[in-house]
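Following: one structure in structure tokens, then a few remarks.
The values are calculated or read from the model by the stated rules, or taken from the named source; none is laboratory data. These figures come from a predicted structure and were not determined experimentally. All Cβ positions, glycine included, derive from the backbone under ideal geometry; neighbour counts span all protein chains shown.
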Amino acid sequence: MLRARAADGGSTTAFELLYRRHAATALNLAVRIQGSTSDVEDVVHDAFVRAHQRLAELREPAAFRSWLGSIVVRLVRTRLRRRRLVAMLGLAAPEPVDLDAVAAPGGDPEARVLLAQVYALLQTLPTDERIAWTLRYVERHRLESVAELAGCSLATAKRRIARAQAFLEEHFVSPFAEEDA
């Protein structure tokens, strides 16, 4: 990827092109992990600032997107943990899920109800489990990619996803299931 190499060389124009190419992907990733649009512009801005500062550390320019994704994941993890601590201290209420941000435009109303329940349950999970499950089942990443983005081993990623999945299966209630007569 010549743009990443040129940006590494200090080209502002090249880095601007990287921003234009990858900002929407970074924004969508942050929204889907958080479940809301709150502060995601700040997350993406901070991610690009860090990427620009550390571009020389990027060994494989073609891996810029996944490298940027891992920076976004780390920043979102920090924000989620901070929010959770503030909520536990009673200093703020948990942030509501922004269905308009995470659901497909014009989505089925029943699907929106199910999605709201999933995100409400995800908010109760430990942050690392929430991130791993979201990367796997919402973002549809392969397990190896989940581990890379989450900054953990493949085995750890699998354990986090399995714990999150078990929790969701145990607590999810389908509001549309027919009652037995």
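Per-residue answers, yes or no, for (1) aromatic (Phe, Trp, Tyr); (2) in a helix (DSSP H, G or I); (3) closer than 22 Å to Arg82 by Cα:
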site	(1), (2), (3)
Val31	no, yes, yes
Ser36	no, no, yes
Asp42	no, yes, yes
Ala47	no, yes, yes
Arg50	no, yes, yes
Arg59	no, no, no
Ala63	no, yes, no
Ser66	no, yes, no
Gly69	no, yes, yes
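Any idea which residue in the range 117-145 is surrounded by the fewest Cβ atoms within 10 Å (Cβ to Cβ), counting only those that are of a type in the set (Gly, Ala, Ser) and over 10 Å from the mean Cα position of the chain (by Cα)?
Pass one, the range 117-145, residues of a type in the set (Gly, Ala, Ser): 120, 132, 145.
With the extra rule that they be over 10 Å from the mean Cα position of the chain (by Cα), the set shrinks to 120, 145.
Numbers: Ala120: 14, Ser145: 17.
Among residues in the range 117-145 that are of a type in the set (Gly, Ala, Ser) and over 10 Å from the mean Cα position of the chain (by Cα), the one surrounded by the fewest Cβ atoms within 10 Å (Cβ to Cβ) is Ala120.
What's the number of the only condition in (1) of a type in the set (D, E, K, R); (2) surrounded by fewer than 20 Cβ atoms within 10 Å (Cβ to Cβ); (3) closer than 20 Å to Ser70 by Cβ that Glu148 fails to meet?
Glu148 satisfies every listed condition except (2).
Considering only the range 71-106, how many residues are farther than 25 Å from His22 by Cβ, of a type in the set (Val, Ile, Thr) and without any contact (Cβ under 8 Å) to a residue 40 or more places away in the chain?
Total meeting the criteria: 1.
Looking at the structure I just gave you, is Ala157 at negative phi and without any contact (Cβ under 8 Å) to a residue 60 or more places away in the chain?
Yes: the conditions hold for Ala157.
Pick from Val113, Val97: which is under 17 Å from Leu125 (Cα atoms), in contact with a Phe, Trp or Tyr (Cβ under 9 Å, 6 or more places away or on another chain) and of a type in the set (A, V, I, L, M)?
When all the criteria are applied, what remains is Val97.
Going by what's in this entry, would Thr13 be described as assigned to a helix (DSSP H, G or I), of a type in the set (S, T, N, Q) and either at pLDDT 95 or above or more than 16 Å from Thr127 (Cβ to Cβ) (or both)?
It is true that Thr13 is assigned to a helix (DSSP H, G or I), of a type in the set (S, T, N, Q) and either at pLDDT 95 or above or more than 16 Å from Thr127 (Cβ to Cβ) (or both).
Taking the range 74-100, which residues are in a helix (DSSP H, G or I), surrounded by 13 or more Cβ atoms within 10 Å (Cβ to Cβ) and among the aliphatic types (A, V, I, L, M)?
Passing the criteria: Leu75, Val76, Leu80, Val86, Ala87, Leu99.
For the range 104-167, give me every one of the helices (runs of 4 or more DSSP H) that falls completely inside it and has 3 or more residues that are in contact with a Lys or Arg (Cβ under 9 Å, 6 or more places away or on another chain).
127-133, 143-150
Hey, among the residues in the range 161-176 that are without any contact (Cβ under 8 Å) to a residue 12 or more places away in the chain and either of a type in the set (Lys, Arg) or surrounded by 10 or more Cβ atoms within 10 Å (Cβ to Cβ) (or both), which one's farthest from Gly151 (Cα to Cα)? I'd like the intermediate steps shown before the answer.
Step one: filter the range 161-176 for residues without any contact (Cβ under 8 Å) to a residue 12 or more places away in the chain, giving 162, 166, 169-170.
Add one more test, that the residue is either of a type in the set (Lys, Arg) or surrounded by 10 or more Cβ atoms within 10 Å (Cβ to Cβ) (or both), and what stays is 162, 166.
On the way: Ala162: 17, Ala166: 22 Å.
The extreme case among them is Ala166.
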